[in-house]
Amino acid sequence: MKYKLVIGSRGSKLALWQANHIKTELQNLYPDLELSIKVIVTQGDKNLDTPLPLIGGKGLFTKAVDEALLNGDVDLAVHSLKDLPTLEHKLLTIAAIPPRGNVSDALVSRQSGGINGLPQHAVVATGSLRRAAQLKHLRPDIRTVDIRGNVDTRLRKLKENDWHGLIIAKAGLERIGLQPKYTIEFKKSEMLPAAGQGALAVVCRRENDQLLQMLSSLNCLNTRLEVTAERAFLHALDGGCHVPIGAFAKVRDRLLELEGCIVSIDGSEMVRDILITQPLEIKPDSLDEATTLAEKAGRSLAETLKADGGVELLRLAESGRLE
């Protein structure tokens, strides 16, 4: 008798690619599994006209899926990790974080040349305050407009409007096989990604020990440590989608490098720094110790940026949101 599992997912082409990717990985590992995908509509999917910071941000694309998980309608959920609140639900846990995809943001434009090829006072679409603020830091003359919707919708809107470009996650384009003609990845020195960008999170109920053990086979230890540091940094700053915060961590030769930034909404000011940890023991039996060090790195970098002027930038961003 086959063991049956239901995977919860949003219904966009990208979300379904991600859910099917995890489904395939699990089927390869456990041939006797019988897997299906249940599509769930989230609040973020229902309201496509309002900018994300004005809706509330945290949990918009995950709460309804996680409620289905808590209710037993699905057994596990697949999320884009950057959409998850940094504070986990007490009954749920991130059971697996597979190897990460491309973390970079990309500019899709109407002509070659990337950001330097855009004309003066160009109009660029993005639904992210983080992307908009870092873009304005690079090019103060550029005007940004808000955009919502899935990857296909955003590319269609770019064609339909007189905008000069669109900023989007490169991983999303790669996963669903889209290659717009004029697409340039931003360097990390130009635009730091969101915490967890490019990574997937496989979530299940904490008490399901058998499923937790199965899903742990999907884990990439390096990726898990990297996103743990990024999310600890974001959590320490109490940052959601209403604050322009970027973070990127990478394990290199057993050292964890974490870079983070806080940007004013208009892009005129930025505090940015990098932290390198002591060597890590990256093995399943010593993962707890390495995870603790990654979390400590995130909190430490957050305190450094706060002391360098980040507190005022966070205050201004919050006050601007409330106005």
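The values are calculated or read from the model by the stated rules, or taken from the named source; none is laboratory data. If you're wondering where the values come from, they're calculated on a predicted model, not measured in any experiment. Because the Cβ atoms are built from the backbone with ideal geometry, glycine has one as well, and the counts that use them run over all protein chains shown. Accessible surface areas use protein heavy atoms only, side chains included; no ligands, DNA or RNA. Shrake-Rupley method; radii C 1.70, N 1.55, O 1.52, S 1.80 Å.
Numbers for the structure displayed
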quantity	calculated
Selected residue (criterion: farthest from residue 220 (Cα to Cα)) from residues of segment 82-118 that are open to solvent by less than 10 Å² (accessible area, probe 1.4 Å) and among the β-branched types (Val, Ile, Thr)	108
Test for residue 156: is it over 20 Å from residue 112 (Cα atoms) and either surrounded by fewer than 16 Cβ atoms within 10 Å (Cβ to Cβ) or modelled with pLDDT of 95 or more (or both)	no
Filter pass, residue 100 being under 30 Å from residue 209 (Cα atoms), modelled with pLDDT of 95 or more, of a type in the set (Lys, Arg) and out of contact with any His (no Cβ under 7 Å at 6 or more places or on another chain)	yes
Pairs with Cβ under 9 Å, 6+ apart, first in segment 216-238 and more than 23 Å from residue 262 (Cα to Cα), second among the acidic types (Asp, Glu) and open to solvent by 40 Å² or more (accessible area, probe 1.4 Å)	217/25; 218/25
Segment 170-185, residues that are touching a residue at least 12 places away in the same chain (Cβ under 8 Å) and open to solvent by 20 Å² or more (accessible area, probe 1.4 Å)	170, 174, 175, 176, 178, 180, 182, 183, 184, 185
Flag if residue 121 is open to solvent by 10 Å² or more (accessible area, probe 1.4 Å), within 27 Å of residue 222 (Cβ to Cβ) and of a type outside the set (D, E, K, R)	no
Identity of the residue in segment 60-82, closer than 18 Å to residue 37 by Cβ, free of Cβ contacts under 8 Å to residues at least 40 places away in the same chain and part of a helix (DSSP H, G or I), that ends up nearest to the chain's Cα centre (by Cα)	64
Odd one out for residue 126, checked against (1) at pLDDT 95 or above; (2) within 16 Å of residue 188 (Cα to Cα); (3) open to solvent by less than 10 Å² (accessible area, probe 1.4 Å)	(2)
Among (1) in a helix (DSSP H, G or I); (2) out of contact with any helix residue (DSSP H, G or I) (no Cβ under 6 Å at 6 or more places or on another chain), the one test that residue 172 misses	(2)
Some residue of segment 302-317 being touching a Pro at 6+ places or on another chain (Cβ under 6 Å) and hydrophobic (A, V, I, L, M, F, W, C)	no
Scan of segment 271-293 for residues that are open to solvent by less than 30 Å² (accessible area, probe 1.4 Å) and either under 24 Å from residue 190 (Cα atoms) or in contact with a Gly (Cβ under 8 Å, 6 or more places away or on another chain) (or both), ordered by number	271, 277
Residue count, segment 205-222 (criterion: surrounded by fewer than 22 Cβ atoms within 10 Å (Cβ to Cβ) and not in a loop (DSSP other than H, G, I, E, B))	12
Condition met for residue 137 (closer than 18 Å to residue 268 by Cβ and in a loop (DSSP other than H, G, I, E, B))	no
Single unsatisfied condition, residue 247 versus (1) open to solvent by 40 Å² or more (accessible area, probe 1.4 Å); (2) modelled with pLDDT of 95 or more	(1)
Members of segment 250-270 that are of a type in the set (Ser, Thr, Tyr) and open to solvent by 30 Å² or more (accessible area, probe 1.4 Å)	268
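Here's the yes/no breakdown for (1) of a type outside the set (D, E, K, R); (2) in contact with a Gly (Cβ under 6 Å, 6 or more places away or on another chain); (3) at pLDDT below 95:
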{"residue": "163", "(1), (2), (3)": "yes, no, no"}
{"residue": "166", "(1), (2), (3)": "yes, no, no"}
{"residue": "175", "(1), (2), (3)": "no, no, no"}
{"residue": "178", "(1), (2), (3)": "yes, no, yes"}
{"residue": "183", "(1), (2), (3)": "yes, no, no"}
{"residue": "187", "(1), (2), (3)": "no, no, no"}
{"residue": "190", "(1), (2), (3)": "no, no, no"}
{"residue": "197", "(1), (2), (3)": "yes, no, no"}
{"residue": "201", "(1), (2), (3)": "yes, no, no"}
